[in-house]
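**Q** Got a structure for you, questions after.
The values are calculated or read from the model by the stated rules, or taken from the named source; none is laboratory data. Quantities reported herein were computed from a predicted structural model and do not represent experimental measurements. Ideal geometry is used to build each Cβ from the backbone, glycine not excepted, and the neighbour counts take in all protein chains shown. The protein model used for the area step is the full one, side chains on, heavy atoms only, and it has no ligands, DNA or RNA in it. Shrake-Rupley method; radii C 1.70, N 1.55, O 1.52, S 1.80 Å.
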Amino acid sequence: MNDCIFCKILAGEIPSVRVHEGPNAVAFLDVNPMAKGHVLVVPRRHWADLASVPVSEAGDVAAFSELMHTVRAIAKAAIRAGWDGANVLQCTGESAGQTVGHLHFHVIPRRAGGPVPPAFESGAGRYESDAERDAVAAKLREAIAAVFAEEQLY
Ligand SMILES: [Zn+2]
């Protein structure tokens, strides 16, 4: 955690251009923006990624809820500030492109007709058959049910 660049930013050891500071979530401009206004939203608590967010204590659940509402509010604010929309991007794990091991959401304001940011190629994950698709869905459904059962949130 001591080597975490976002923890250092939160502690003020590394400068950042902050656009929001809440009790549990902070938003600042990305230093390598994909578009003007590209914001990173991070929890004050050092959670490595989405899969690492603890839900055992009410404080953790409330902090995560605040984080998600901050993402929502920043997307809404981008539109209020004159942009036409926003992309929200989150990477969990190195395989997904995560480069900083402190959970963060990208909120990238967008303008109509602007360039589409680097993205996954549409259709690149096409299934070989309906059976393969259904097997993937079943695998996900089972794992999702297990997570919900384990966490007893809803
Ligand atoms: Zn951290």
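**Q** Put a dot 7 Å past each Cα toward the Cβ at Ile144 and Asp60; how far apart are the dots in nm?
**A** Distance between the two pseudo-spin positions: 2.2 nm.
**Q** Also: Quick one: which of 17-26, 33-42, 65-74 comes out on top by average Cβ neighbours within 10 Å, and what's the full order, highest first?
**A** Those peptides, ordered most packed to least, come out 33-42, 65-74, 17-26.
**Q** I've got another one for you. Among all the lysines, which ones have a C-alpha under 17 Å from Lys36's C-alpha, if same-chain residues fewer than 8 places away are not counted?
**A** Lys76
**Q** A further question follows. Rounded to the nearest 0.05, what FRET efficiency do Ile79 and Val100 have when you use their Cβ-Cβ distance and R0 = 30 Å?
**A** Between Ile79 and Val100 the formula returns 0.65.
**Q** A further question on this structure: Would you compute, for the Cα atoms of the chain, the largest minus smallest coordinate along each principal axis and list the three values in descending order, in whole Å?
**A** If we take the Cα atoms of the chain, the spans are 50, 44, 30 Å.
**Q** Once the other residues with Cβ under 13 Å from the Cβ of Trp83 are scored (Lys, Arg +1; Asp, Glu -1), what is the net sum?
**A** Charge balance near Trp83 sits at +4.
**Q** Now, a different point. Using only Cα atoms, locate the centre of segment 75-154 and the centre of segment 15-58, then give the distance between them in Å, rounded to an integer.
**A** Between the Cα centre of segment 75-154 and that of segment 15-58, the gap is 17 Å.
**Q** For Arg133 and Ala51, compute 0.36 nm times the residue count separating them, minus their Cα-Cα distance, and round to one decimal in nm.
**A** 27.1 nm
**Q** Determine the sum of side-chain charges near Gln152: Lys and Arg each +1, Asp and Glu each -1, restricted to other residues whose C-beta is under 15 angstrom from that of Gln152.
**A** So the environment of Gln152 carries a net charge of -4.
**Q** Continuing with the same structure: Using the heavy atoms of the protein chains alone and a 1.4 angstrom probe, what is the accessible area of segment 30-72 per residue in square angstrom?
**A** 53 Å²
**Q** A further question follows. Roll a 1.4 angstrom probe over the protein heavy atoms and tell me the percent of accessible area of segment 16-108 that is carbon or sulfur.
**A** 57 percent
**Q** Which net charge results for the neighbourhood of Leu50, defined as the other residues with beta-carbon distances under 14 angstrom from its beta-carbon, given Lys and Arg at +1 and Asp and Glu at -1?
**A** -3
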